[in-house]
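These notes concern the structure reproduced below.
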Amino acid sequence: MLAPHAADEFNPWKNAAIRFENAAAKLNLDDGMRKILKTPSKELTVAIPIILDDGRVEVFTGYRVQHSIARGPAKGGIRYAPDVSLDEMRALASWMTWKCAVVNLPYGGAKGGVICDPAILSQIELERITRRYTAEILDIIGPEKDIPAPDMNTNEQTMAWIMDTYSMHKRETTTGVVTGKPLNLGGSLGRPEATGRGCLFVTREALKKFEIPPSRATVVIQGFGNVGGMAARLMAKQGIKVVCIIETDGAVYNANGLDIEALMKHRRETGSILDFSESQNLSSDEALRLQCDVLLPAAKENVITSENAASLNCKIVCEGANGPTTAPADHILAERGIFVVPDILANAGGVTVSYFEWVQDRQGYFWNEKLVNERLEEIMVNSFYDVLKYACEHNVENRTAAYMLALDRVAFAIKLRGLYA
Ligand code: NAD
């Protein structure tokens, strides 16, 4: 396995490149194919001038990176954050390509973002940023070209603004241009729960490998937001003991399992998960080291690193977040025999139901929630075993297997299409 330079450990694009090269080498991909697969197909940087509420003009920077369109239109979220960078967009766009290929969706990968701090912007300012950003990237997005979705600090309201701006320019209502929309604007039932639900399905299958029945399983979850909160709620409903939740200000622990609904209510009322009745406060570091069957990082990237990977006490890491494990930490987890369900598989439930939303928009016919969840389960479980089969056949760990499966599928599409020159 290739090892990164220590200084690069936290650069997501460098981490993505290491995983890519490892898988490409195992697949014996030729140099030309490697060059195509690792080079983003399109990178757009745009200036977003808007008038702030106090009358001043500010110019924000936005990006949209399309990594690949070999298997279908590009697909990927849009995030608003002060530390958005082009390298981060490239990494996240390539992960979307591999993620869509692992679960066999007819999509390529993309990611977009705007460098801004939503915490200090009003709703009106966010709407202006969103509409101008949409207008600037309008030529490269569309239901057959590139379909954005929510990501960090964007939500269904942001998607409604993008859909409206796009539709105004096109002179027709085009719901299929984005996913993650509000339900009454072409959104799908089951979409808000989809990523957490997908994590539940793959965790359940991973527990079977260890012959741990759900009723005896213990889980520690980092992040109590869309992915982590929903995974916690769904796991608790299945009788799995969620023993610890870690948030930005610390963690709460109960060896017998936390009452997740009550913890959600407690956070709504107090603004924090800490000091929850019948639980003990812990520091985040202590919590990450707790003995448990499953650790589910569902907050942010670069959480399991070369510094702390040796001190984890779990059997399974299920990566709800994108890029929670750095490349150097991969080696440590592999040496310790920790079973990793890699991000490009574990959190693919979100993009899978986004795909269902796009299909429903194009059909103009909407499915009930039972059908959405059943189809999600089928795709997640089948993909889990596809990756395990690859790992077994090629004698590699799960992450490399997932990348190999994805690269193989994308490379095959490129070969079939041929090079247009
Ligand atoms: P979110 O903002 O809803 O929730 C993230 C939660 O993590 C928040 O409650 C936040 O307070 C907490 N958090 C942030 N930093 C933390 C830290 N250092 N320690 C502990 N908690 C921390 O975001 P989300 O949509 O749940 O996304 C979480 C991760 O999952 C991201 O990496 C995202 O890219 C990935 N992801 C999300 C989806 C989706 O459908 N939402 C799909 C695929 C991947």
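The values are calculated or read from the model by the stated rules, or taken from the named source; none is laboratory data. The structure presented is a predicted model; accordingly, all values stated were derived computationally and were not measured. Cβ atoms come from the backbone with ideal geometry, glycine included; neighbour counts cover every protein chain shown. Accessible surface is based on the protein model in full, side chains and every heavy atom, while ligands, DNA and RNA are left aside. Shrake-Rupley method; radii C 1.70, N 1.55, O 1.52, S 1.80 Å.
This model, with +1 at the C-beta of Lys and Arg and -1 at the C-beta of Asp and Glu, gives the chain a dipole about its Cα centre of some 1200 debye. Each Lys or Arg adds one and each Asp or Glu subtracts one; over the other residues with Cβ under 15 Å from the Cβ of R56, this totals -3.
Going through the DSSP H helices of the chain, which span 18 Å or more along their own axis at the Cα atoms while scoring at least -1.0 as a mean Kyte-Doolittle hydropathy?
Result, helices passing both filters: 12-26, 86-102, 123-137, 156-170, 194-209, 349-363, 369-394, 398-417.
Taking the charge dipole of the chain about its Cα centre, with +1 at Lys and Arg Cβ atoms and -1 at Asp and Glu Cβ atoms, the residue from W367, Q291, L86 reaching farthest to the positive side is W367. For the chain, the residue among G418, N226, I115 whose Cα projects farthest onto the positive side of the dipole built from Cβ charges is G418. Counted over the range 194-346, the DSSP beta bridges are approximately 30% antiparallel. Using 0.36 nm per residue and subtracting the Cα-Cα separation, the extra length available between S85 and E58 on full extension is 7.9 nm. Ranked by the mean number of other Cβ atoms within 10 Å of their residues, highest first, the peptides 103-111, 144-152, 289-297 fall in the order 103-111, 289-297, 144-152. Rounded to the nearest 20 debye, the dipole size of the range 287-421 about its Cα centre is 200 debye, using +1 on the Cβ of Lys and Arg and -1 on the Cβ of Asp and Glu. Counting only DSSP H runs of at least 4 residues, each contributing -39500 (n - 2.57), and dividing by the residue count of the chain, the helix-based mean residue ellipticity at 222 nm comes to -14500 deg cm²/dmol.
A cut-off under 14 angstrom between Cβ atoms defines the neighbours of V353, and their net charge, with Lys, Arg +1 and Asp, Glu -1, is -1.
Hey, how much of the P(r) for the range 40-173 falls beyond 28 Å, as a percent of Cα pairs?
13 percent
Backbone geometry of the range 65-74 corresponds, through the Karplus equation with coefficients 6.51, -1.76 and 1.60 at θ = phi - 60°, to 3J(HN,Hα) couplings of 10, 9, 6, 8, 10, 5, 9, x, x, 5 Hz, x marking Gly and Pro. Comparing the chain with the 2.2 N^0.38 Å rule of thumb, its C-alpha radius of gyration ratio is 0.95 (two decimals).
Stokes-Einstein D for the range 34-103 at 37 °C, 0.692 mPa s, Kirkwood Rh over Cα pairs, in µm²/s? D = 241 µm²/s. The distance linking the range 151-230 with the range 311-358 is 16 Å (Cα centroid to Cα centroid, whole angstrom).
The amide H of S68, built 1.01 Å from its N in the peptide plane, has S41, G109 as neighbours under 5 Å, considering only residues 5 or more places off or on other chains.
Explain nothing, just the number: relative contact order of the chain, from Cα pairs under 8 Å at least 6 residues apart, as a whole percent.
Worked out over the chain, it gives 16 percent.
Normalising by residue count, the range 278-421 has a Cα convex hull of 176 Å³ per residue. Annotation: lysines with alpha-carbon distance below 16 angstrom to K415 (same-chain offsets under eight excluded): K35, K38. Each peptide in 311-321, 77-87 receives the mean, over its residues, of other Cβ atoms within 10 Å, and ordering these scores from highest gives 311-321, 77-87. Excluding E193 itself, what net charge comes from residues whose Cβ is under 10 Å from its Cβ, given Lys and Arg +1 and Asp and Glu -1? Net charge in that neighbourhood comes out at +2. For L29, the amide hydrogen comes within under 5 Å of no other amide hydrogen, counting only partners 5 or more places away or on other chains and with H modelled in the peptide plane. Accessible area per residue for the range 40-173 is 38 Å², calculated with a 1.4 Å probe on protein heavy atoms, without ligands, DNA or RNA.
Here the accessible area is traced with a 1.4 Å probe on the protein chains. For the chain, carbon and sulfur cover 50 percent of it.
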